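The values are calculated or read from the model by the stated rules, or taken from the named source; none is laboratory data. Computed from a predicted model, the values in this text were never measured in an experiment. Cβ placement follows ideal geometry from the backbone for every residue including glycine, while neighbour counts extend to all protein chains displayed.
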Amino acid sequence: MKYPLIFSVLLLTACSQTPAQIADRSATLCPDSPNCVSTQDSRESHHLAPFLLSESATLDQIQQVATTLPRAKTAVKQADYLRIEYTSLVFRFVDDLELRISGRELWVRSQSRVGYYDFGVNRQRAQALRDSLQQAQLIE
């Protein structure tokens, strides 16, 4: 009897995690929890190596590549900023991938909205993005 209750709580938690507005956190350091990675965070557990853009890379091209990753949808797009939401398959948890073009750099920040530990999913997503952007010749 307790398993249906646990499943119901998880389902409701996953459904209720969509905030009305998420502020741009692309330059913000990650929280202490291990569910976030960023090119702007120098702490080893959160740090991502820089993404150096090729001269011809545009935000539209980056968006096209980033949304090919599984269960992705664009949430916000501005002149130099993009937030993409990735939804987990089973429990429908949402992670936010924030991308900002700053000169020749692409700032990358990926964080889970709920929970403490993400089992390395955000770091894996950032690496998959790096691989895809390199393959598309949008980063060096």
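Please verify whether Val90 is in contact with a helix residue (DSSP H, G or I) (Cβ under 8 Å, 6 or more places away or on another chain) and farther than 19 Å from Leu48 by Cα, treating the condition exactly as stated. In short, no.
Of everything in the stretch 66-78 that's without any contact (Cβ under 8 Å) to a residue 40 or more places away in the chain and out of contact with any Leu (no Cβ under 9 Å at 6 or more places or on another chain), which residue is surrounded by the most Cβ atoms within 10 Å (Cβ to Cβ)? It comes out as Thr67. Any chance you could count how many residues in the stretch 80-118 are of a type in the set (A, V, I, L, M, F, W, C) and under 16 Å from Cys30 (Cβ atoms)? Total meeting the criteria: 5.
Okay, residues lined up against (1) under 12 Å from the mean Cα position of the chain (by Cα); (2) of a type outside the set (A, V, I, L, M); (3) exposed (fewer than 15 other Cβ atoms within 10 Å of the Cβ); (4) modelled with pLDDT of 95 or more:
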{"position": "Leu53", "(1), (2), (3), (4)": "no, no, no, yes"}
{"position": "Thr58", "(1), (2), (3), (4)": "no, yes, yes, yes"}
{"position": "Gln64", "(1), (2), (3), (4)": "no, yes, yes, yes"}
{"position": "Phe93", "(1), (2), (3), (4)": "no, yes, no, no"}
{"position": "Leu99", "(1), (2), (3), (4)": "yes, no, no, yes"}
{"position": "Arg109", "(1), (2), (3), (4)": "yes, yes, no, yes"}
{"position": "Ser132", "(1), (2), (3), (4)": "no, yes, no, yes"}
{"position": "Gln137", "(1), (2), (3), (4)": "no, yes, yes, yes"}
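Whenever a residue of the stretch 21-37 is within 16 Å of Asp80 (Cα to Cα), its partners that are modelled with pLDDT of 95 or more and aromatic (Phe, Trp, Tyr), lying with C-beta atoms within less than 8 angstrom and at least six residues away or across chains, give the pairs Asp24/Tyr81; Ser26/Tyr81; Ser26/Trp107; Ala27/Trp107.
Could you go through the stretch 88-101 and let me know if any residue there is touching a residue at least 12 places away in the same chain (Cβ under 8 Å), in contact with a Lys or Arg (Cβ under 9 Å, 6 or more places away or on another chain) and aromatic (Phe, Trp, Tyr). Yes. Within the stretch 114-130, restricting attention to residues that are charged (D, E, K, R) and at pLDDT 95 or above, the residue that is nearest to Leu97 (Cα to Cα) is Arg125.
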